[in-house]
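Since the structure comes first, as structure tokens, the remarks are kept for the end.
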Amino acid sequence: MAEQETVSVIVSNAYESLRCVDLAAAIELLDRALAADYEHPEVLYALKCANFWSERLGRLDSMSNPFERGEYVMGQWKAFSAFSAKLAGDFEPARYAFKRFAFSLALQYYKALPPEENESHEVELALRMGRCFKGSGDFDAALKALEPATRARKDDAEVLAELADTYALSGDARSSKALFREAFYVAPQRIDLDFLESEMARRLIDRVASLGYSGMELAEWIPVYGNLLGVFSVKRELKAVEAGKLRQSIYQLENELKENQESRASLVPRLINRYFWLIDYCMTAKEDKAKIDEILLKIRLLDVSVYKQYIA
């Protein structure tokens, strides 16, 4: 029992080293833990994760620009997520420790960008720093980075989605739902689903993926099912000029669908989502019911299953 307790302490110290972005110290501690118990499943899991990062980060020496280094680390985080998902065992403390390590390391590089380069990357840098703060568990700092970026780019789906995800993790479900709805209306395919962490987002993504959708189609169907499942339930009233733009975008999508059946897989969910928005506007503006019925018929012709779920 004493030996097991010693291993637990060593592993805990290794995770603390990862929090301090010291991979070498973490590996040394994990090697010590392995020497104490060479069959310890969590130690074996953590060492495989550490070896992944040790191998990948060796390539950073060939990169001179801090922004490029930060981008590389974030790209490797996505690769690591796929790698760790295939490992035997479910050791959330280890995965969380390596997650904090990756995002904290990337954050160091983004912060190291020279002031003269900050201006040319201002919003992109705010997005990435906010994402890193979020990934390392500092939600307050993430909000401070993302909120100004959102004000600067009100129609940037990626920034909106990151802020929505941070609100969800911070416990502000109402703001999160409203912003997720906006983000997936603006440009679903611009949103990097791999970086969304909140339970709200992950459950919705997994639910839509379970229906057989993936890639670009998955992103396009998320707002449709976000509406049907009540996830995107916080809605704002559109201004008349916004409603006009909505109708115009619907008209363009309808024509595009007629002329380009090859893109039907992504155009259908995008069009359905806009129909949902238009119905909401018509109901708020108290327009004639016949107009709503006309839109519902269009939804039915596109996807009977969605139509039945929507009117249920």
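Values quoted throughout were computed directly from the atomic coordinates according to the rules given, and no laboratory measurement underlies them. None of the values given here were measured: they were computed from a predicted structure. Please note: Cβ atoms are built from the backbone with ideal geometry, for glycine as well, and neighbour counts cover all protein chains shown.
Table for the structure above
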{"item": "Restricting the range 125-225 to chymotrypsin sites (Phe, Trp or Tyr not before Pro) in coil, as DSSP defines it, with at most 16 other Cβ within 10 Å", "result": "none"}
{"item": "Principal-axis tilt of helix 264-284 within the chain, Cα atoms, nearest 10 degrees", "result": "60 degrees"}
{"item": "Pairwise label distance in nanometres, THR284 with ALA35, each label 7 Å out on the Cα-Cβ vector", "result": "6.5 nm"}
{"item": "Between the range 226-254 and the range 63-122, the alpha-carbon center distance in angstrom", "result": "35 Å"}
{"item": "With 10 Å bins from 0: P(r) over the chain, alpha-carbon pairs, percent", "result": "6, 23, 27, 21, 14, 7, 2, 0"}
{"item": "Local net charge near ALA97, Cβ-Cβ under 9 Å (Lys/Arg +1, Asp/Glu -1)", "result": "+3"}
{"item": "Proximal aspartates and glutamates relative to LYS239, as straight alpha-carbon distance under 16 Å, when same-chain residues fewer than 8 apart are discounted", "result": "ASP155, GLU182, ASP280, GLU287"}
{"item": "The chain: relative contact order as a whole-number percent, Cα under 8 Å and 6+ apart", "result": "10 percent"}
{"item": "Computed FRET value (nearest 0.05) for LEU257 with ILE311, which takes r as the C-beta separation and R₀ as 25 Å", "result": "0.70"}
{"item": "In degrees, nearest ten, helix 215-228 long axis to first principal axis of the chain (Cα)", "result": "60 degrees"}
{"item": "Entries of LYS134/LYS286; LYS111/LYS177; LYS134/LYS298; LYS144/LYS291; LYS86/LYS154 with Cα pairs more than 32 Å apart", "result": "LYS134/LYS286; LYS134/LYS298; LYS144/LYS291; LYS86/LYS154"}
{"item": "Using alpha-carbon coordinates, inclination of helix 289-302 to the longest axis of the chain, degrees", "result": "50 degrees"}
